[in-house]
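In what follows, a single structure is set out as structure tokens and then discussed.
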Amino acid sequence: LLTVALKDCDGLERWLRDGRTRPSDELYVLHQTNTRSRIQMTVEMFCLLCHALQILPSFIDIATAFGFKISNTDEYFTTCYQRLFRDNDDSSNLTKFTRYDICFNIRYLEEHGRSGLSDPWSFRQMAVYQRHDFPQGRSSCILIQPPSTARETIERLLQASKEQQNRSPLLIHLQLLKICARKWRWYLNYLSDGLRDMKDEITWARITKPQSNAGFDQSQNLEVLRWKLRQARAILESNISVGSSILRHAKDITPSLTRHRPMAIHNHMQLKSELVHYISDLRMHRRKASDLLDSTGSLDLLILKLLDLRNYNVSNKNAAALKNLAEASSIESRLMVQIARHTSHDSRAMKFTSFIAVIFLPATLISADLAVCDSYDHFDGHYHGWSIPLEQEDATIARMPAIPMSSKLSSEWLHPPE
């Protein structure tokens, strides 16, 4: 196993010119800094590699899916292309090929390991290109962003040179597909656990406890979960399509493999069987995702019913509160009417009291004048006393004509006759 790090266009050109002299498989691995960054390779280097390996043009469409991104765009693009070449001198049998090209991209799951995120899972994608020559038994492969756990598997396949004639040339594809499918079970269990917790919280929620989390927030969380399930189901369907295409390709190259490498037929038949199992597992995961997605419909309906019942409960409470407020307002209105009635009664009493006071005012003035007249005469020193002999019951009547008398007495008192 020879590993060479190619960092610039000159180094790649020297390798393609001088380093490809050994009759062995060659593998080129292209990496990204992260999922949404550009491939760590210049355009000139990529064009040089494509020209040297005579890469299938359709692989360029797959490679563009790894460009710089700022959002989840082009996530649906997952495909597989293959092309078979026949010997020009042997056109008698159209099922015997001398070379094939196959390329595909596939999406898989990995734990991102970033802190501060509620979802520990992240979708990644990998692209594979292979050109295999049957007479030479040699393959040229390009991998773009393979899983981090696939390095040991790839190195083990490349180091087993003694077993190269006994294995199918598609074995590297099968190993990569199986590595990419390992996490689907745990991811769907993660989504299933989240859905179960949400279902328990909503199912046992109380209408009379609006402070519980079962409400509009849960409806939003449910929509996020449904989006993840739809995304998982779509990716699984795409991966199933890719696996089915590789299986058809494996069937197409069986006659050519029998002709050029008969010792690899047994391994190739096992590979086709494992591809069938791989597709079956993906269909099982897709069915699980579909079942979870279908079960969210009833949960969404339950959330809507719960919100409607809470709105109805709140409306009833508001209506009862308004009724109590109306009753309190009615009682207050009656009290105000009673207060107004008492005020009117007090006003009439005050009017009567004022009338009595006006009537008694002249008598008060007369009493004051009489009090003055009872004093000594300042002029002659004699005591001048006047009295008006009235009965008690006639006092009120007698006081009324006493006003002019009082004025006359006051005048006589101030100006006595000579």
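The values are calculated or read from the model by the stated rules, or taken from the named source; none is laboratory data. Quantities reported herein were computed from a predicted structural model and do not represent experimental measurements. Every residue, glycine among them, receives a Cβ derived from its backbone with ideal geometry; neighbour counts consider all protein chains shown.
So that you can scan it fast, the table gives a plain yes or no per residue for (1) farther than 19 Å from PRO147 by Cα; (2) at pLDDT below 75; (3) more than 36 Å from the chain's Cα centre (by Cα); (4) assigned to a loop (DSSP other than H, G, I, E, B):
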| residue | (1), (2), (3), (4) |
| --- | --- |
| ARG36 | no, yes, no, yes |
| MET45 | yes, no, yes, no |
| ILE55 | yes, no, yes, yes |
| ILE60 | yes, no, no, no |
| THR64 | no, no, no, no |
| PHE77 | no, no, no, yes |
| ARG83 | yes, no, yes, no |
Among the residues listed as LYS228, LYS317, LYS305, the single one being modelled with pLDDT under 95, charged (D, E, K, R) and touching a helix residue (DSSP H, G or I) at 6+ places or on another chain (Cβ under 7 Å): LYS228
Sole residue being closer than 27 Å to ILE235 by Cβ, surrounded by fewer than 20 Cβ atoms within 10 Å (Cβ to Cβ) and not aromatic (Phe, Trp, Tyr), chosen from LEU275, LEU293, LEU302: LEU293
Hits in the stretch 91-143 - residues which are basic (Lys, Arg), in contact with a helix residue (DSSP H, G or I) (Cβ under 6 Å, 6 or more places away or on another chain) and outside any strand (DSSP E or B): LYS96
Qualifying residue in the stretch 144-153 (condition: in a strand (DSSP E or B), within 42 Å of the chain's Cα centre (by Cα), modelled with pLDDT of 80 or more and of a type in the set (A, V, I, L, M)): yes
Hey, ILE142 within 18 Å of SER24 (Cα to Cα) and buried (at least 21 other Cβ atoms within 10 Å of the Cβ) or not: yes
Pairs with Cβ under 6 Å, 6+ apart, first in the stretch 108-127 and closer than 21 Å to ILE142 by Cβ, second among the hydrophobic types (A, V, I, L, M, F, W, C): TYR108/CYS180; MET126/ILE106; ALA127/ILE62; ALA127/ILE144
Conditions (1) out of contact with any Leu (no Cβ under 9 Å at 6 or more places or on another chain); (2) in contact (Cβ under 8 Å) with a residue 40 or more places away in the chain: number failed by ALA289: (1)
Residue check for ARG131: surrounded by fewer than 20 Cβ atoms within 10 Å (Cβ to Cβ) and either of a type outside the set (Asp, Glu) or modelled with pLDDT under 90 (or both): no
Residue among ARG334, ARG341, ARG310, ARG287 that is part of a helix (DSSP H, G or I), out of contact with any helix residue (DSSP H, G or I) (no Cβ under 6 Å at 6 or more places or on another chain) and within 26 Å of ILE240 (Cα to Cα): ARG287
